[in-house]
Amino acid sequence: MHLKKRARAIVNTLPFEILSHRLIIEIVYNVMFWLNCFPHKDGIHAMLNPCTIVTGSNINYDKHCKLQFGAYVQVHKQHNNSMATRTSGAIALCPTGNAQGSYYFLSLRSGNVL
């Protein structure tokens, strides 16, 4: 019980009582993504970040900082011309890092990463 209270205190901006294992993994991935987007003072280059050195891609604020981690979003799903729902609920995880500024999402229905 003490661990649950501690986890709530650490991640107090997310509206969840208990974090799923998949969400904890994605939190760590998100932190590592953003740490690699900034140059480190003891790194191998003073101006280039590890992401740029390894992949050659740059992070753009306008494209990659649109959604906050844990934000509720509606994502598109396959549909036809019927009156069935065309979106489903999901949680924003982190940017994919590509040039288009795409994001990873955690589906609330299936629990899979989209």
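Which FRET efficiency value, to the nearest 0.05, is calculated for ALA46 and ILE25 with the Förster distance at 30 angstrom and r the Cβ-Cβ distance? Write down the numbers at each step before the final one.
On the way: r = 32 Å, r/R0 = 1.07.
Efficiency at R0 = 30 Å is approximately 0.40.
Over the stretch 14-72, what lengths in whole Å, largest first, do the semi-axes of the equivalent ellipsoid take, defined as the square roots of 5 times the eigenvalues of the alpha-carbon gyration tensor?
27, 14, 9
Remark on the chain: hydrodynamic radius 16.2 angstrom, per the Kirkwood mean of 1/r across alpha carbon pairs.
If you take the beta carbon distance between THR85 and THR55 as r and set R0 to 35 Å, what does 1/(1 + (r/R0)^6) give as a FRET efficiency, to the nearest 0.05? Provide the component values of the computation, followed by the final result.
Numbers: r = 36 Å, r/R0 = 1.04.
For R0 = 35 Å, the calculated efficiency reads 0.45.
For the chain, a Gaussian network of Cα nodes joined below 10 Å ranks SER20, SER82, SER102 by mean-square fluctuation, and the top entry is SER82. Among LEU93, LEU23, LEU48, the largest mean-square fluctuation in a Gaussian network model of the chain (Cα springs under 10 Å) belongs to LEU48. If you run the Gaussian network model on the chain, springs between alpha carbon atoms under 10 Å, then out of TYR61, TYR103, TYR72 the most flexible one is TYR61. Computed from Cα positions, the angle between helix 21-35 and the longest principal axis of the chain comes to roughly 30 degrees. From helices alone, the chain scores -8000 deg cm²/dmol at 222 nm; the rule is -39500 (n - 2.57) for each run of n ≥ 4 DSSP H residues, then divide by the residue total.
I need to check one value: relative contact order of the chain, counting alpha carbon pairs closer than 8 Å and at least 6 residues apart, in percent.
On the way: 125 pairs, mean separation 18.1, N = 114.
With pairs under 8 Å counted, the relative contact order is 16 percent.
All of the numbers you see were taken from the coordinates with simple rules; none came from a lab. Since we're looking at a predicted model, the values are computed, not measured. FYI the Cβ positions are ideal-geometry reconstructions off the backbone, even for glycines, and counts take in every protein chain you see.
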